[in-house]
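The values are calculated or read from the model by the stated rules, or taken from the named source; none is laboratory data. Keep in mind it's a predicted model, so treat the numbers as computed, not measured. Cβ sites come from the backbone with ideal geometry, for glycine too, and all protein chains shown count toward neighbours.
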Amino acid sequence: MKCPQVSHSESGPGDRVGFSLLELLLVVVIILILTTLYWSPNRANRQMALQSACRNNLQKIYIAMEIYANDHGGKFPIVGNARTSAQGLEPLVPRYTSDTSIFVCPGSSDSAPSGQSIRNRAISYAYYMGRAPTNQEVVITDRQVDSLQKAAGQFVFSANGKPPGNNHRQFGGNFLFCDGRVEASSPKTSIPLGLSAGEVLLNP
């Protein structure tokens, strides 16, 4: 007597088990996109960090300028016929600071000057030459759009993130005042940036 054979019915389309290669790839792609969105740095937050590092640079420059002023009758550096901010601030190096990297904004594309002099090198900051520690106005800023006086509400830094004045792209920049305080500014200045007799704005 023959034993009955058990027949296994073939699976139909509705009985499929597992994932297709296409489905697996789709899941992997979705996970990669979500991971990238979660871990990628926020552009605005990154610029805030760079502006904070920039403020640290300006405070270090101010310390060098303050020591210089103590040695030179209460005056910040003045260089005759200076055409750039690097030329105007060159007397600070190396006696008052040997760290030339502080003259380059971390948010800019400028490379840090090397050597003992910054005179013939590009730096990132504009300098209001002719001002003294007793003045209450701005003495150094991030690179500006031009070397002209500016009324409140005018653009001092790049509006679209393109040169000039784009150390921090379209996110504004920093002002260092003659008393040592540093304040952030939007691309449009909220305070007038004028020039008195004997003062000149040296842009990089």
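Among residues belonging to region 38-58 that are at pLDDT 85 or above, out of contact with any Gly (no Cβ under 7 Å at 6 or more places or on another chain) and not small (Gly, Ala, Ser), point out the one that is surrounded by the fewest Cβ atoms within 10 Å (Cβ to Cβ).
Here the residue is Asn56.
Which residue out of Asn167, Asn203 is closer than 22 Å to Ala82 by Cβ and surrounded by 21 or more Cβ atoms within 10 Å (Cβ to Cβ)?
Only one candidate qualifies: Asn167.
Yes or no, residue by residue, for (1) surrounded by 14 or more Cβ atoms within 10 Å (Cβ to Cβ); (2) on the phi > 0 side of the Ramachandran plot; (3) modelled with pLDDT of 85 or more:
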position	(1), (2), (3)
Ser11	no, no, no
Thr36	no, no, no
Asp71	no, no, yes
Pro77	yes, no, yes
Gln87	yes, no, yes
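Is it the case that Glu183 is surrounded by fewer than 21 Cβ atoms within 10 Å (Cβ to Cβ), more than 26 Å from Asp71 (Cβ to Cβ) and among the acidic types (Asp, Glu)?
yes
So which residues in region 124-141 are farther than 14 Å from Leu89 by Cα and either of a type in the set (Asp, Glu) or assigned to a loop (DSSP other than H, G, I, E, B) (or both)?
Correct list: Pro133, Thr134, Asn135, Gln136, Glu137.
Being in contact (Cβ under 8 Å) with a residue 24 or more places away in the chain, within 19 Å of Ser109 (Cα to Cα) and in contact with a strand residue (DSSP E or B) (Cβ under 6 Å, 6 or more places away or on another chain) narrows it down to one of Pro204, Pro187, so name that one.
Pro187
Ser147 versus (1) touching a strand residue (DSSP E or B) at 6+ places or on another chain (Cβ under 7 Å); (2) at pLDDT below 95; (3) polar (S, T, N, Q): which is the lone unmet condition?
(2)
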